[in-house]
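Here is the structure we will look at, set down as C-alpha cells.
Coordinate-derived values only; no laboratory data. Keep in mind the model is a prediction, meaning the values are calculated, not measured. Cβ sites come from the backbone with ideal geometry, for glycine too, and all protein chains shown count toward neighbours.
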Amino acid sequence: MKKFFYSFILGCIANCLAFADQVTKPNVVLILVDDLGWQDVGSYDIDEPTPMETPNIDALAKQGVLFRQGYSPAPTCAPTRCAMMSGRHAAALQKTHVVGGNPTTPYNKTAHPIMDPWYSGRLEVEEVIIPEALKENGYVSGHIGKWHMSLDHHSYPQPMDQGFDFTKAHLGESAKMKPHRLTGFATSAKNDPYQLDADGFPKDQPTLDAIEFMEQSKAQPFFLYYAAWLVHTPIHSRSKELLEKYCKKLGVDMPTDPNGWPTEEQTNPYYCAMVEMLDHYIGMLVKYLEKTEDPRNPGKKLIDNTYILFTSDNGGMERVPGEEITDNFPLDRGKINAREGGVRVPFIITGPGIGAEQQSDVMVNGLDFYPTILSWTGTKKPKGQNLDGADLSTLLSKDPTDHTLVKNKKGKPRTTMMWHFPHGVAQQSTLRVNGWKLIHNWMPGRPKYELFELYKNYPGTSERADIEEAKNLASKMPEKVKEMSAGTVPPFGGNKGILSLPQSQLQRRPAP
C-alpha cells in the first residue's frame with residue numbers, strides 16, 4: 001500500500017510538472033517577407049507618407065515594439081535566410097550571395113573589373129538551425145513558402161532535412177500571371193484557384209498552409225517560419241480592383257501595356273497593390289491567433305502565448321531592367337547593396353511580456369532571432385553552434401530603448417554590426433559602430449573608404465544626421481577611418497576588424 005501511495009504521488013508530481021512545462025512554452029511565429037523596403041510600411045514613414053496601405057502590419061507594430069534601426073544579416077535573400085536560421089554571420093557561413101557553389105567567373109571587363117570570390121551554394125547540414133534546436137525541447141516546426149537556403153528552391157538540403165516537421169512551398173498569389181499581368185485577374189468564381197475572399201483579396205495558398213500548420217500543431221508548442229514570396233518579382237496584382245485603386249490614388253492611368261513601369265519613387269501601382277495584399281495575408285495569420293482557443297491554456301487565445309517576429313530579408317528592390325518598383329528614400333540604394341537601403345528593414349516584435357505601442361532606436365539584426373528564441377522557449381544552445389547575434393529577450397521585456405540590455409559575447413553592450421558583400425558592382429564590406437558607418441569598397445576606381453555619421457550621440461539621445469549616406473567624411477576624419485578599419489572596435493570581439501583583412505582571407509576555408 002505504501003509503495004502504491006508513493007508511486008501515485010510521484011506520478012501526480014510528474015504530471016503536474018509536465019502540464020506546467022506544456023503551458024509555459026510559448027509558440028513562435030517568424031514572418032520573413034521578401035524584398036520589403038524600410039519605407040514601404042505605413043508605420044515606418046519618416047519623411048513623406050508611403051502610398052501603400054498596411055493596416056495589419058501597423059496594428060501588429062502597436063501590439064509590441066517597432067525597431068527603427070533593424071537590419072537584415074545581408075543585402076540579398078539566400079545569405080539572410082541562412083544566417084537567420086543558423087544564427088551565424090553570412091561571411092562565417094561562406095554564403096554571402098544567392099546561388100553560389102561554382103568556380104569564380106568574370107562578368108564584364110568594364111563593369112566588373114574584379115571577380116566575385118567563391119562562396120558556398122548552400123547552408124551546410126551540420127549547422128544546427130532553429131527548428132533542430134527547438135525539436136530537442138518538444139517543439140514542432142513548420143516551414144511555409146520560400147526556402148532558398150541551397151542552390152535553388154528545390155535542391156538539397158530541404159526544410160525537412162534540417163529539422164522542420166511540416167513544409168509547403170506553394171507559390172500562391174506570387175505565381176506569374178499568364179500570358180501577362182493584365183490578364184487572368186482573380187474572380188469570385190468557386191473554381192478560380194485565386195478566388196477572391198470576402199474582402200476582395202485573391203486566395204493565397206501559402207497563407208492557408210500556414211494556418212493549417214498552426215491548427216494541426218496548436219496542442220503543442222510550435223515554431224512557424226512563414227517565408228512569404230511577396231513582394232518579390234514578378235510585380236503584379238491579381239486583384240484588378242486593388243490595381244485600379246492605386247492607379248487612382250497615385251494619379252496614374254490604368255496600364256494598357258503590361259511591360260515595365262517607367263516612373264520612379266513609390267508610384268508603381270502593381271507594387272503598391274502587392275504590399276497591401278501582403279498586409280492582408282499577415283492580418284489573416286494574426287487574426288487566426290487572436291480568435292483561436294489555446295488548448296494548452298484554457299480560457300486563453302493562441303495569441304496570448306505566441307511571439308511574433310516580423311521583418312524582411314533585405315531592403316526593397318528599387319528596380320529591375322525596364323521596371324521601377326519602389327524607393328527606399330531617404331535611405332540610399334536598395335537590395336544587392338550594403339548601404340542602408342539594402343540592409344535596413346522593417347523589424348517588429350510582439351509577444352508575452354512585451355509592452356504595446358513601443359518604438360526603439362536600438363540597433364538590432366535578424367541574427368538576433370536565434371538566441372532570442374532560445375531564451376523565450378527555455379531551449380539550450382546546441383553544443384558547438386556559434387551564435388553571432390545577441391539575445392534581445394531582456395531588452396524586449398524590460399526597456400526596448402535601453403541599448404545596454406543588448407550584450408555582445410563579452411557581456412558588454414553591443415556597439416557594432418557588420419556586413420560583407422563582395423559581389424556584383426557593389427563589392428563592399430561595411431561596419432557600423434554606434435552612429436558611424438564605414439564602407440570598404442573593393443571595386444577599383446572607387447574611394448577605398450567611405451565614412452558616414454548616420455546618427456549623432458548614438459546611443460543615448462541619438463539624433464538623425466546622415467542616414468542618406470550623402471556626406472562622405474573619410475577625407476576629413478582620417479583618424480576615425482583608421483580607428484574603425486584597423487579593428488580597434490572589432491564587430492564580434494576579436495583582435496582584428498574584418499575591414500582590415502584582405503578579401504581573400506575573409507573566407508572560413510579555401511574554395512574547393
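For this structure, a couple of remarks:
- Taking every DSSP beta bridge that has both ends in segment 2-410, the antiparallel portion is near 30%.
- Residue exposure proxy: Lys109, Lys245, Lys291, ordered by other Cβ atoms within 10 angstrom of their Cβ from fewest to most, comes out as Lys109, Lys291, Lys245.
- Total formal charge among the other residues, if their Cβ is under 9 angstrom from that of Pro382, Lys/Arg +1 and Asp/Glu -1: +1
- Relative to one another, the C-alpha centroids of segment 158-211 and segment 350-411 are positioned 33 Å apart.
- Helix-only mean residue ellipticity at 222 nm for the chain, each DSSP H run of n ≥ 4 adding -39500 (n - 2.57), per residue, nearest 500: -7500 deg cm²/dmol
- Selection among Tyr194, Thr104, Phe164 by position relative to the dipole of segment 2-410 gives Phe164 as farthest towards the positive end (Cβ unit charges, Cα centre).
- Helices that extend 20 Å or more along their long axis by alpha-carbon positions and average at least 0.5 on the Kyte-Doolittle scale are, among the DSSP H runs of the chain, 2-24.
- Tensor-based shape of segment 327-397 (alpha-carbon gyration tensor, a/c under 1.5 rounded, otherwise prolate or oblate): oblate
- Extending 7 Å from Cα along the Cβ direction at Asp161 and again at Asp402 yields two label points whose distance is 4.5 nm.
- With contacts taken as Cα pairs under 8 Å and at least 6 residues apart, segment 31-187 reaches a relative contact order of 14 percent.
- In this structure the amide hydrogen of Thr54, modeled in the peptide plane, comes within under 5 Å of the amide hydrogens of Gly42, none closer than 5 places in sequence on its chain.
- Net charge, Gly101 excluded, C-beta distance under 12 Å - Lys, Arg +1, Asp, Glu -1: 0
- Take every Cα pair under 8 Å whose residues are at least 6 apart in sequence, average their separation, divide by the length of segment 2-410, and the relative contact order is 28 percent.
- Residues whose amide H falls under 5 Å from that of Glu323, counting only those 5 or more places apart or on a different chain, are Trp261, with hydrogens built in the peptide plane.
- Lys300 long-range amide H proximity, modeled H, under 5 Å: Asp294
- The GluC sites (Glu not before Pro) found in segment 296-361 that occupy coil by DSSP, while having at most 12 further C-beta atoms within 10 Å, are Glu357.
- Which listed pairs, of Lys448/Lys476; Lys146/Lys380; Lys203/Lys240, have C-alpha distances above 24 Å, in listed order: Lys146/Lys380
- Over 22 Å between alpha carbons, listed pairs Lys25/Lys218; Lys190/Lys291; Lys335/Lys409; Lys437/Lys480: Lys190/Lys291; Lys335/Lys409
- Whole-Hz Karplus values for segment 28-44 come out as 9, 10, 9, 9, 10, 8, 9, 6, 7, x, 4, 9, 8, 10, x, 6, 9 Hz, taken residue by residue from phi with 6.51 cos²θ - 1.76 cosθ + 1.60 and θ = phi - 60°; glycine and proline positions read x.
- Panel note: the C-alpha atoms of the chain, placed on their principal axes, show extents of 88, 61, 49 Å (largest first).
- Aspartates and glutamates with Cα under 14 Å of Lys471, excluding same-chain neighbours fewer than 8 positions away: Asp332, Glu340, Glu450, Glu453
- Estimated vicinal HN-Hα couplings, Hz - segment 222-237 in sequence order (Karplus 6.51, -1.76, 1.60; Gly, Pro = x): 10, 10, 10, 9, 9, 9, 5, 6, 5, 10, 5, 4, x, 7, 7, 9
- Near Ala227: Cβ cut-off under 14 Å, other residues only, Lys/Arg at +1 and Asp/Glu at -1. The net charge is -2.
- Ratio of Rg to Rh over segment 201-318 (Cα coordinates, Kirkwood Rh, two decimals): 1.08
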